[in-house]
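Peer 1: Dropping a structure here in structure tokens format, bear with me for questions.
Nothing in this text is a laboratory measurement; each read-out follows from the coordinates by a stated rule. Values in this document were obtained by computation on a predicted structure and should not be read as measured data. Glycine also receives a Cβ, built like all others from the backbone with ideal geometry; neighbour counts cover every protein chain displayed.
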Amino acid sequence: MHENFVIYPNYSHLAAKLQDVLHNFSKKGEYVAKGERNVIKKIQIDGTALNIKKFKTPNAFQSLVYQYIRKSKAKRSFEYASKLIDFEIKTPFPVAYLEIFSGGLKESFYVSEHVNYDFDFRELIHNPKFKKRNEILRQFTKFTFKLHENGVNFLDHSPGNTLIVEQGNNTYNFYLIDLNRMRFEQMDFNVRMRNFRRLWLSKTMIKIMAKEYATLYGKSFEETYALMYKYSREFQKKINGKKLRRRK
């Protein structure tokens, strides 16, 4: 058995205590999310609040792939977060990751700073009367445009993966989470519009966001709206079709 522990230089003073927490993960911290695949816990170390994400243990084949061919989700999360920080795109600050190998990858953890957020993007979908909703959607569109301009194709650009912090004076900060699926590439207009598809946007939301994106990109509103709408509806039909088949 061997392990790979990497910590951001700013946090090296916490290394020993953090490793102890990671090796005793089941006994430490409080649950933030307990899913079938991944578990997230919040812990305090020397007055610093951290979130630890423990990824699902891969099957025998995947564990060998993650050891020899592909980077683990924990390592990708850490590296992608570091890249976003370099682009001045907000994400909970990457602190460390740990990989434990024994005949393949057995366990992996990603550690980031805890962010006290006010709400996530889902709220804007479920509540059409959400306070300042149109303004938040416009600022979120600018945020997504900044991702695209920096060549960040966030493949999980979905409602639960953007945390929103109210700054006052009608300004909002957006933090990306769940980062392990990203591509860094030049994005043409078609790819950019397709990137909005998972956000589960209503017609009204698409109108607001398409208008903002069209202005930023220098395209007509009609063309922007048509493409954003097309990809959103195709995705929603596909997901609803899957749900229907499951019920049957």
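Peer 1: Over the range 152-196, calculate the relative contact order: mean separation of alpha carbon pairs under 8 Å at least 6 apart, over the residue count, as a percent.
Peer 2: So the answer I get is 48 percent.
Peer 1: Rounded to the nearest 0.05, what FRET efficiency do Thr57 and Val32 have when you use their Cβ-Cβ distance and R0 = 25 Å?
Peer 2: Computed FRET efficiency for Thr57 and Val32 comes out at 0.80.
Peer 1: Also, quick follow-up: Would you mind checking which residues have amide H under 5 Å from Val95's amide H? H placed 1.01 Å from N; only 5 or more apart, or other chain.
Peer 2: Residues meeting the criterion, in which the H sits 1.01 Å from N, are Val111, Ser112, Glu113.
Peer 1: Give me the one-decimal nm value for the distance between modelled label points at Ser102 and Arg246, 7 Å along each residue's Cα-to-Cβ direction.
Peer 2: It is 3.3 nm.
Peer 1: Oh, and also: Taking the beta-carbon count within 10 Å as an exposure proxy, list Ser26, Ser202, Ser77 from fewest neighbours to most.
Peer 2: In increasing order of surrounding Cβ atoms, one gets Ser26, Ser202, Ser77.
Peer 1: Separation between the Thr48 and Asn150 pseudo-spin-labels, each 7 Å from Cα along Cα→Cβ, expressed in nm?
Peer 2: 2.1
Peer 1: Now a separate question. Lys243: which lysines have alpha carbons under 26 Å from its alpha carbon, excluding same-chain residues fewer than 8 sequence positions away?
Peer 2: By straight Cα distance, Lys243 reaches Lys34, Lys56, Lys203, Lys230.
Peer 1: For Lys142 and His2, what does the FRET efficiency come to when R0 = 41 Å and r is the distance between their Cβ atoms, rounded to the nearest 0.05?
Peer 2: Here the calculated transfer efficiency is 0.35.
Peer 1: Can you give the Rg and Dmax of the range 2-113 based on its C-alpha atoms, in angstrom?
Peer 2: Using the Cα atoms of the range 2-113, the pair Rg, Dmax is 13.6, 40 Å.
Peer 1: For volume of the Cα convex hull per residue in Å³, pick the label among (i) 157; (ii) 122; (iii) 140 that corresponds to the value derived from the coordinates.
Peer 2: Computed from these coordinates, volume of the Cα convex hull per residue in Å³ corresponds to label (i).
Peer 1: A further question on this structure: Which of the peptides 237-245, 47-55, 16-24 is most tightly packed, and how do the rest follow, going by the mean number of other Cβ atoms within 10 Å of each residue?
Peer 2: 47-55, 16-24, 237-245
Peer 1: Relative contact order for the range 71-164: what percent, with Cα pairs under 8 Å and sequence separation of 6 or more?
Peer 2: Computed value for the range 71-164: 25 percent relative contact order.
Peer 1: Go through Lys83/Lys238; Lys28/Lys75; Lys146/Lys219; Lys42/Lys132 and tell me which ones have a Cα-Cα distance over 24 Å in this structure.
Peer 2: Pairs exceeding the cut-off: Lys83/Lys238; Lys42/Lys132.
Peer 1: Relative contact order for the chain: what percent, with Cα pairs under 8 Å and sequence separation of 6 or more?
Peer 2: Details: 379 pairs, mean separation 39.0, N = 248.
After rounding, I find 16 percent.
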